[in-house]
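Shown next, in structure tokens, is the structure this report addresses.
The values are calculated or read from the model by the stated rules, or taken from the named source; none is laboratory data. Since the model is a prediction, treat every value here as computed from it, not as a measurement. Cβ placement follows ideal geometry from the backbone for every residue including glycine, while neighbour counts extend to all protein chains displayed.
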Amino acid sequence: MFKETQKRILSMALLHEKMQQQDDTHKGVDVQEYFNTLITELIKSYAVGKDIRSEINIDVLELDMDTLTPLGLIVNELITNSLKYGFVERNKGLVIVQIKQLSKNSFEMLIGDDGVGFSLAENHENLGTKLIRIFIKQLNRSIVLLNEPGTMYKIIFQKGSLN
């Protein structure tokens, strides 16, 4: 449980670091760089001895902290789940995060893996799943499991939609 908490803190620390850089350079947080760094660190921590690659495709976005914070924590939880459960008895795999802008304030995030498959509904009692549901609720959105190989979720969200 301590290690899990450390990973959640890592997500927040990375975001804080990016915010500090934003203050220093007067630029917005580079969302692509933030998620690249977060996912790279998660893979280093959870996929020791495995060849897990990441595919991160994120439109150039300006997201406010009220949106980026829960998104970062959702990505942290879902990628952690992928790394812990998606590649059981497999030494290779792929984790995917895609965010594209649908309209001025509307975005779509696809997040998942090409692993053995996992469902939030099957694991509704663990802390990570409860946290994901809380963060999704903060964004006033829902999460949908797509019918694809591995595990792939779709989240539609809006900038500044925090409750």
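Identify all residues within segment 25-70 that are in a helix (DSSP H, G or I), out of contact with any helix residue (DSSP H, G or I) (no Cβ under 8 Å at 6 or more places or on another chain) and at pLDDT 85 or above; write none if there are none. Quick ask: steps written out before the conclusion?
Filtering segment 25-70 down to residues in a helix (DSSP H, G or I) leaves 25, 31-46, 65-70.
After this cut, where a residue has to be out of contact with any helix residue (DSSP H, G or I) (no Cβ under 8 Å at 6 or more places or on another chain) as well, the list is 25, 32, 36, 40, 44, 66-67.
Once the filter is applied, which keeps residues that are in a helix (DSSP H, G or I), out of contact with any helix residue (DSSP H, G or I) (no Cβ under 8 Å at 6 or more places or on another chain) and at pLDDT 85 or above, segment 25-70 yields Gln32, Asn36, Thr40, Lys44.
Could you please let me know if Leu73 is crowded, with 17+ Cβ neighbours inside 10 Å and either part of a loop (DSSP other than H, G, I, E, B) or free of Cβ contacts under 8 Å to residues at least 60 places away in the same chain (or both)?
no
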